[in-house]
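To keep things clear, I will list the structure first and then write my remarks on it.
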Amino acid sequence: MSASVAQVLVEQRTHFVRRWTRTSIIGSSSFLVVAALLAVLPFMVNLSLVYSMIDLFILVILAMTWNMLAGYGGMVSVGQQAYIGIGAYSMVVLADSLGLNIFAAIALSAVVCGVIAIPISFLVFRLVGGYFAVGTWVVAEVVRLLVVQFPQIGGGAGISFSAMSDLSRDWRIATSYWIGLGATVIVVAACVLLIRSRAGLALTAVRDDMTAASTSGVMVTAVKRLVFVFAGAGAGIAGALIAVSTMRVQPDSVFSVQWSAFMIFIVVVGGVGTLEGPIIGVLVFWFLKQLLADYGPLYLILLGVIGIVFVLFVRGGIWGLISRKGRIELFPVGYNFSKKL
Amino acid sequence: MNLLDPLIQGILLGGLYALFAAGLSLMFGVMRIVNLAYGDFAVLAAYGTLIVVNAALISPLAALLIVAPAMAVLGYILQRTILQRTLGLSPLPSLLVTFGLSIIIQNLLLMFGSADQKRLSLGGVDTASITLPFDIRVGVFPLFIFLLAIVILSILSWVTAKTQYGRLVRAVSDDPATVDLQGVNPKQIYALATAIAFGLVAIAGLAAGVQTSFNPTSGSMLLIFAFEAVIIGGLGSLWGTLGGAMILGVAQTVGAAFAPAQQILAGHLVFLLFLAFLPNGLTRRKVRA
């Protein structure tokens with residue numbers, strides 16, 4: 001195989017290839033700084049703010065992993081609540097009934113969701129596009145209807161999560177917050193590493209042109225299945241965090257399709273198919289929620305309208321407006337080819 | 001246990017689901033989009049009928065003469081203004097927009113209506129029944145809806161197979177750019193198809209409103225049933241959809257005969273069995289997505 005011009009230039013040492021760009025150095029280090037600052041937040045601000053920040057972490061995890069699924073993999077799922085529910089119930093069973101350590105229980109909840117996502121993927125991958133979307137929804141409904149059959153885990157009424165009830169209220173909230181922050185950092189890092197990896201390159205190719213990716217030797221279905229399982233595990237972590245922060249798992253709430261609505265809104269407003277978009281989208285969503293959540297239906301109508309306006313007129317989302325067509329990236333996921341000075 | 005009775009009730013229930021599924025598969029067939037707000041538009045039509053009935057003191061059937069054309073106009077406008085902009089190679093925009101519409105409609109209904117169950121009444125007809133041999137009682141209204149579904153599916157398949165509009169629909173579904181070159185505006189065909197689908201959804205919404213009760217969020221379930229009927233029947237086949245709808249209806253009523261609370265779960269499980277073992281549905285035709 002003949003070497004490309006770029007390869008020749010690199011061998012002649014006039015040019016070089018690097019992963020880290022100025023923006024991604026600044027972006028990634030500020031991400032770490034923000035995470036470090038957030039870690040000390042419970043000592044500085046009101047606990048009710050700390051408590052509502054746990055919601056923010058849950059939404060970051062959901063939006064990041066849904067974006068991998070829909071934004072990169074092209075699979076619009078409206079059934080991620082299946083894994084949120086399974087994750088929440090796994091948490092209760094593992095930590096309460098089996099007495100596992102909370103951190104081990106969260107990790108295992110993610111594993112449970114990932115494993116369950118494998119057989120489900122074989123079913124729903126028979127559907128494409130819009131039918132895939134409704135198919136995932138049906139699966140989520142089936143999981144909900146099956147879960148409420150078991151009185152051992154509370155049936156239709158739900159079950160309490162009591163593994164952390166020994167702690168005082170303040171410590172419980174702070175601990176949930178730190179667990180949420182830690183999980184968020186891990187999930188965001190996992191998304192960045194996944195996109196940087198060989199599978200991520202394949203996934204990015206699938207995002208840009210599925211047919212071209214397939215003819216270039218990308219195993220499209222295998223890559224999609226990997227992402228489907230990854231997103232299932234991510235939603236499972238979010239579910240486990242819901243159990244930890246609310247101390248109660250109610251089937252109608254954890255299996256609610258509203259979670260999917262929130263994920264979609266966040267990713268669409270932030271920027272579909274980018275790593276930075278969901279984080280920006282979560283901030284927008286969270287501020288709107290703090291401002292308007294008391295208005296109930298009106299708030300949700302507004303979210304719907306904003307979401308539609310973004311899909312129709314600002315398809316790249318807020319990050320699309322900022323990033324100047326991908327020239328700015330906050331995470332080192334691409335390769336950059338430049339001349340030596 | 002007598003299974004003949006739930007079997008017949010299930011087949012009749014299938015008529016209602018077929019009525020729903022017809023519009024959904026029409027929109028998919030023509031534009032390759034799945035309207036996630038489809039069930040919510042049915043519920044919107046049912047509420048619209050309720051308002052007209054209460055305001056004008058007429059029967060729901062008479063109200064339908066106002067509501068169905070109004071829904072068709074709404075569908076036409078929606079297609080020309082919003083949905084048309086979402087069409088393209090990727091299904092993502094249309095899914096996201098229709099999901100947004102679904103949330104908007106549900107919450108508008110919650111805001112202006114109330115969360116409790118509503119029902120449309122046709123007077124004596126809702127509860128009237130005829131007795132068949134073996135002492136099986138069949139509701140007059142479900143029977144009427146079943147026959148109506150067959151009539152509407154016949155008309156739809158006649159229109160797509162024989163009329164000029166049907167030929168255009170099939171041509172646009174295959175290759176919109178070429179149709180455009182021949183001097184026919186595909187956008188017009190799309191908008192008319194959406195108008196027809198919305199007229200159908202108004203009829204289906206009224207039927208569902210009489211046969212069962214409805215609330216602002218019951219549209220999701222209607223969408224799921226219509227979707228299951230389409231997949232069980234096989235994409236792209238109207239009569240397959242009727243078959244799929246009857247299988248779904250029977251699965252639900254027979255499931256309910258064994259375990260009364262598990263009606264919906266039984267339908268879902270039969271759908272998943274079909275997905276696992278007969279993914280192309282009854283008609284076994286492969287359709288590009």
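The values are calculated or read from the model by the stated rules, or taken from the named source; none is laboratory data. Since the structure is predicted, the reported quantities are computational estimates derived from the model, not experimental observations. Methodologically, a virtual Cβ is constructed for each residue, glycine included, from the backbone with ideal geometry; neighbour enumeration extends over all protein chains shown. Surface accessibility is based on the protein's heavy atoms, side chains included, excluding ligands, DNA and RNA. Shrake-Rupley method; radii C 1.70, N 1.55, O 1.52, S 1.80 Å.
Worth pointing out:
- Filter pass, B:GLY234 being away from chain A (no Cβ under 11 Å) and at positive phi: yes
- Unmet requirement for A:PHE122, which otherwise passes all of (1) open to solvent by less than 50 Å² (accessible area, probe 1.4 Å); (2) at pLDDT below 95; (3) more than 7 Å from every other protein chain (Cβ to nearest Cβ); (4) assigned to a helix (DSSP H, G or I): (1)
- Selection from the range B:104-160 of residues that are aromatic (Phe, Trp, Tyr) and surrounded by fewer than 16 Cβ atoms within 10 Å (Cβ to Cβ): B:PHE112, B:PHE134, B:TRP158
- If you go through the range B:161-206 and pick out every residue that is over 23 Å from B:ARG85 (Cα atoms), open to solvent by less than 10 Å² (accessible area, probe 1.4 Å) and modelled with pLDDT under 90, you end up with 1.
- Among (1) open to solvent by 50 Å² or more (accessible area, probe 1.4 Å); (2) within 14 Å of chain B (Cβ to nearest Cβ); (3) at pLDDT below 90 - the single one A:VAL309 does not satisfy: (3)
- Some residue of the range B:82-91 being open to solvent by 20 Å² or more (accessible area, probe 1.4 Å), within 14 Å of another protein chain (Cβ to nearest Cβ), in contact (Cβ under 8 Å) with a residue 24 or more places away in the chain and assigned to a helix (DSSP H, G or I): yes
- One residue stands out in the range A:273-301 among those that are within 9 Å of another protein chain (Cβ to nearest Cβ) and either among the charged types (D, E, K, R) or in contact with a Leu (Cβ under 7 Å, 6 or more places away or on another chain) (or both): the one that is nearest to B:SER102 (Cα to Cα), namely A:ILE301.
- One residue stands out among those in the range B:255-287 that are more than 19 Å from B:ALA22 (Cβ to Cβ) and away from chain A (no Cβ under 13 Å): the one that is surrounded by the fewest Cβ atoms within 10 Å (Cβ to Cβ), which is B:PRO260.
- Filter pass, B:LEU242 being away from every other protein chain (no Cβ under 13 Å) and either of a type in the set (Ser, Thr, Tyr) or surrounded by 22 or more Cβ atoms within 10 Å (Cβ to Cβ) (or both): yes
- Helices (runs of 4 or more DSSP H) fully within the range A:137-228 counting 1 or more residues that are more than 14 Å from chain B (Cβ to nearest Cβ) and under 17 Å from the mean Cα position of the chain (by Cα): A:169-196, A:198-208
- The single residue among A:GLY129, A:GLY99, A:GLY114 that is at pLDDT below 95 and away from chain B (no Cβ under 14 Å) turns out to be A:GLY99.
Residues checked against (1) of a type in the set (D, E, K, R); (2) farther than 28 Å from A:VAL134 by Cβ; (3) modelled with pLDDT of 90 or more:
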residue	(1), (2), (3)
A:THR274	no, no, no
A:LEU283	no, yes, yes
A:TYR295	no, yes, no
A:PRO332	no, yes, no
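- Residue in the range A:67-74 that is in contact with a Leu (Cβ under 9 Å, 6 or more places away or on another chain), more than 28 Å from B:THR98 (Cα to Cα) and in a helix (DSSP H, G or I) present: no
Table: residues versus (1) in contact with a Gly (Cβ under 9 Å, 6 or more places away or on another chain); (2) in a helix (DSSP H, G or I); (3) among the hydrophobic types (A, V, I, L, M, F, W, C).
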position	(1), (2), (3)
B:ILE130	yes, no, yes
B:ARG137	no, no, no
B:PRO142	yes, yes, no
B:VAL151	no, yes, yes
B:SER154	no, yes, no
B:TRP158	yes, yes, yes
B:ALA161	no, yes, yes
B:TYR165	no, yes, no
B:SER173	yes, yes, no
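- Residue match in the range B:100-110 (condition: more than 14 Å from every other protein chain (Cβ to nearest Cβ) and in contact with a Ser or Thr (Cβ under 9 Å, 6 or more places away or on another chain)): no
- Residue in the range A:81-91 that is open to solvent by 50 Å² or more (accessible area, probe 1.4 Å), more than 10 Å from chain B (Cβ to nearest Cβ) and either under 21 Å from the mean Cα position of the chain (by Cα) or among the charged types (D, E, K, R) (or both) present: no
- Residue check, B:GLN252 buried (at least 22 other Cβ atoms within 10 Å of the Cβ) and either within 14 Å of chain A (Cβ to nearest Cβ) or at pLDDT below 85 (or both): yes
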